[in-house]
Ligand code: OGA
Ligand code: MN
């Protein structure tokens with residue numbers, strides 16, 4: 001069903017390392033995720049952390065958004081994880097990426113919130129391989145801000161800016177592209193997720209459960 005889209009994503013990742021497209025997810029799924037994002041109560045959102053240990057002291061200067069991890073307990077979460085599983089299977093069979101597990105969260109940026117330039121994975125300790133973001137903001141205007149700025153590499157300038165329009169999907173190699181979220185003048189909702197490699201050893205379970 002999603003064969004064409006998955007093939008486009010695989011090709012773009014293989015060629016350039018990233019994929020960006022409008023309204024790519026099935027509309028019903030996007031709607032469900034949007035409703036879920038809106039229905040998450042304030043107490044279920046948590047101040048986002050930075051890094052594996054979610055260092056909250058350090059994070060303040062870097063990001064100010066709040067997040068709610070997807071557990072798969074809600075029908076919306078289940079539908080999302082099912083869609084992602086299809087993509088994971090496809091990318092593994094097509095690109096041999098060895099994607100092993102997936103984690104994701106809803107994110108809410110209140111007006112003025114930001115997430116400074118960062119990478120989602122560091123070279124050498126790479127277990128986050130592929131980053132995925134779906135935007136859940138109907139009727140977003142360029143003047144509302146909140147763009148995702150993607151840089152071409154570690155020492156490179158901005159490659160492009162992406163407005164967080166409803167249903168837009170962004171996929172990129174986690175280690176390769178520094179990126180940042182600019183402040184918006186409206187509430188900004190998204191779901192962000194990461195495919196990981198299996199980097200468990202006999203003495204360390206990764207990712208921790
Ligand atoms: C992230 C992130 C970008 C966005 O959560 O790591 O970079 O546009 N999000 O929300
Ligand atoms: Mn990021």
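The values are calculated or read from the model by the stated rules, or taken from the named source; none is laboratory data. What you see is a predicted model; the values in this text were computed from it and never measured. Using ideal geometry, Cβ is built from the backbone for each residue, glycine included, and neighbour counts are taken over all protein chains shown.
Looking at (1) touching a helix residue (DSSP H, G or I) at 6+ places or on another chain (Cβ under 8 Å); (2) more than 23 Å from residue 196 (Cβ to Cβ); (3) touching a residue at least 60 places away in the same chain (Cβ under 8 Å), find the lone condition where residue 35 falls short.
Condition not satisfied by residue 35: (3).
Please verify whether residue 76 is touching a strand residue (DSSP E or B) at 6+ places or on another chain (Cβ under 6 Å), part of a helix (DSSP H, G or I), modelled with pLDDT of 90 or more and more than 11 Å from ligand 1 (Cβ to nearest atom), treating the condition exactly as stated.
No, not satisfied.
Starting from residues that are more than 24 Å from residue 28 (Cα to Cα), within 15 Å of ligand 2 (Cβ to nearest atom) and modelled with pLDDT of 95 or more, keep the ones in the stretch 175-198 and report whichever is surrounded by the most Cβ atoms within 10 Å (Cβ to Cβ).
181
Go through (1) within 15 Å of ligand 1 (Cβ to nearest atom); (2) under 13 Å from residue 188 (Cα atoms); (3) in contact (Cβ under 8 Å) with a residue 40 or more places away in the chain one by one and return the number of the condition residue 138 breaks.
For residue 138, the failing item is (1).
Name every residue in the stretch 164-201 that is in contact (Cβ under 8 Å) with a residue 12 or more places away in the chain, more than 23 Å from residue 87 (Cα to Cα) and over 14 Å from the mean Cα position of the chain (by Cα), in order of residue number.
182, 183, 184, 185, 186, 187
When the stretch 4-32 is examined, which residues are found to be assigned to a helix (DSSP H, G or I) and free of Cβ contacts under 8 Å to residues at least 12 places away in the same chain? First the steps, then the outcome.
Taking the stretch 4-32 first, the residues assigned to a helix (DSSP H, G or I) are 4-15, 27-32.
4, 11, 15, 28, 31, listed by residue number.
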